[in-house]
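What follows draws every value from the coordinates through simple rules; no lab data is involved. Keep in mind that this is a model prediction, so the values were computed, not measured. A quick note on method: Cβ atoms are made from the backbone with ideal geometry, for glycine too, and the neighbour counts reach across all protein chains shown.
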Protein chains: 2
Amino acid sequence: MTPPALGEFEIIARFFAPLAAGEAGALGLLDDAAVFAVPPGRSVVVSTDAIVESVHFLNDDSGDDVAAKVLAVGFSDLAAMGSDALGYTLALALPKDWGCEKLEQWLNGFATGLGTEQQRIGVTLLGGDTVATPGPLTLSVTVLGTVETGRALTRAGAKPGDRVFVSGSIGDAALGLALLTGKLTAPGRAAHAALVNRYRRPTARLALGRRLTGLATAACDVSDGLVADLGHICRASGVAARIDAARIPVSAAAAEVLAAGAAKPSDLVEGGDDYELVFTVPPAQAATAQGIGAALGIAVTDIGRIEQPASQEDSVVRLLDAVGGDVTPSRIGYRHF
Amino acid sequence: MTPPALGEFEIIARFFAPLAAGEAGALGLLDDAAVFAVPPGRSVVVSTDAIVESVHFLNDDSGDDVAAKVLAVGFSDLAAMGSDALGYTLALALPKDWGCEKLEQWLNGFATGLGTEQQRIGVTLLGGDTVATPGPLTLSVTVLGTVETGRALTRAGAKPGDRVFVSGSIGDAALGLALLTGKLTAPGRAAHAALVNRYRRPTARLALGRRLTGLATAACDVSDGLVADLGHICRASGVAARIDAARIPVSAAAAEVLAAGAAKPSDLVEGGDDYELVFTVPPAQAATAQGIGAALGIAVTDIGRIEQPASQEDSVVRLLDAVGGDVTPSRIGYRHF
């Protein structure tokens, strides 16, 4: 099949330059690099993520969906650091065997989706690269933001006694993926739509993350699964965590699936892609954390506490049921390899 | 084929965390993002590039070669902006069908190559992502540096009368690629090795770029080909350029190929991947530019001049032979699509 007739420069001019128009330092995407100033007293926060068709998103996800996902995947990392969001760069490897029509249609949807999302987040495209690949559609996003110097949230800092909080609801994206891949049948159409939407169109919790600086002792985004990501905090902080399984927030749609017996509670805490925040807060500040959630209209749920680990190697997450039985899933987090 | 038994976290710990050890803000690659401070009075410069196996490098290029190439591709953009180099992030999509042994061997070579190059450049790895792909090996690099605020070199700023300079020698990488793909036979073994090395192991001209701030009126790196990249400067600056073909610097190895009649001079100016700098300098500063080259041990050659364009649409590069005949190649630059 012949390569599509759209050149790299035409793709940039038509689809991407308009997304960079708000930031003079992006130089219209016409230069070798972008330049941006950093306010005094603030440090730059940077994170890079990659997503691959049929691995991190589905072949029939629209350009619009992929745009929302790649930005959520990226900016969720800034949210977890308590960073504000400034801009992003994209590397796009577009399949060589897409015909011109498919390429144009996909880029149209993708650019429209980026435009909507970047306006919502308050960022602009700063630069990137568009190449052809004999393989699947592959995207990489680098997100940039700033945080008051010395105030970035990290995964290290959780202390025994701290309460463990999680934003939003957990497990929706995993159920949405299971629905889309035919591994699960939803009890109702509304639940199906809600769960699929959480998988396809996640939202980075930037406003919440920013408000947690100076309050949370540690934070991480829920991308690998709640137990896995809280485990990252535990290992980085040298602590253990004890979670009350019954307190993990579940959406109405997920509750419907659980009630129908179509999924187990452990499916929810093992699955990734929720892009919620899990964070720890000193017990005296727990009410403040809940107040921040209320002010932002985001559920912020106390799901357990940080404990002294039994040994240095014991930086683990234990999930307990109502009578104290250990219901920690054995398979923790998504393994890419 | 079963996926390799190396997990993402093991890959990070074994191969990549050591490359981030020099920078506390990389947080050992264990956190959601990296944090770095920017000195007062300086702005951040950022650029993202992607390279794909069999498109931008060859299937049998070693991990070591790919490491050198991806960093040169990235940092060359900072060189063109007159930026210093601070760090980089990497997104790595590793083929699922690589066995464990191949994966380990490749990562070993790649990490070793990154270590050597980042030490030479004076940067550290700040973060990234490693994912599996059913497609070819795909890499994306985001490079970060800083420049004195307001002093970044851009492509816009060249003025009629400015001299056009280029660093190093032009066309070696294109000949190296032609040798590796069997499209060309080198006259001698030394020439073969030299040209292949220029293709596989390019070097970003960071030291030169930094010295050109406040001196050059415009700059661009030679990644698409000399005529194409100088064309970028002309369009961004609204000027035309007139280049003396005979003055374009050619390496001894390339001269040997030309003398043997195995390649034409136009092959050299059409080919990309040299990662030299092409820049413009007011005529009164031409000697200063040459002095900077001499001080750095880098050839800096005056190849022509910037002219008033005949019309607004005429921002073009003309290549003239010794008697003023137009020898501009018709095929300008590399088209990815």
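Summary table
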item	result
Ascending count of other beta-carbon atoms within 10 Å, so fewest first, for A:192, B:232	A:192, B:232
28 Å Cα-Cα threshold exceeded, pairs from A:96/B:96; B:159/B:264; A:102/A:264; A:96/B:183; A:159/B:96; A:102/B:96	B:159/B:264; A:102/A:264; A:159/B:96
GNM top mover of A:52, A:278, A:196 - chain A, alpha-carbon springs below 10 Å	A:52
10 Å Cβ neighbours from other chains, averaged over peptide A:21-33	6
For A:85-95, mean number of other protein chain Cβ atoms within 10 Å	4
Chain B shape via C-alpha gyration tensor axes, a/c threshold 1.5	oblate
Relative contact order computed over segment A:8-148 (Cα-Cα under 8 Å; 6+ residues apart), in percent	41
Other copies of residue B:308: label-to-label distances in nm, shortest first, labels 7 Å along the beta-carbon direction	8.4
Inter-copy separations for residue B:105, label at 7 Å along Cα-Cβ, nm, ascending	4.3
Residue order, fewest to most surrounding Cβ atoms within 10 angstrom, among A:48, A:181	A:181, A:48
Span-rule helices in chain A, defined as complete DSSP H runs reaching 24 Å or more along the axis (Cα) with Kyte mean at least 0.5	A:63-80
For the B-to-A rotation axis, chain B residue with nearest beta carbon and its distance in angstrom	B:135, 1
Label spacing, shortest first and in nm, from residue B:58 to its equivalents in the remaining copies (7 angstrom along Cα→Cβ)	4.2
Number of partner chain Cβ atoms within 10 Å, mean per residue of B:51-57	4
Dipole in debye (nearest 20) - the protein assembly as shown, about Cα centre, beta carbon charges: Lys, Arg +1; Asp, Glu -1	860
FRET E, pair residue B:183, residue B:112, Förster distance 30 Å, beta-carbon r, rounded to 0.05	0.50
Relative contact order of chain B, defined on C-alpha pairs under 8 angstrom at six or more residues apart (%)	22
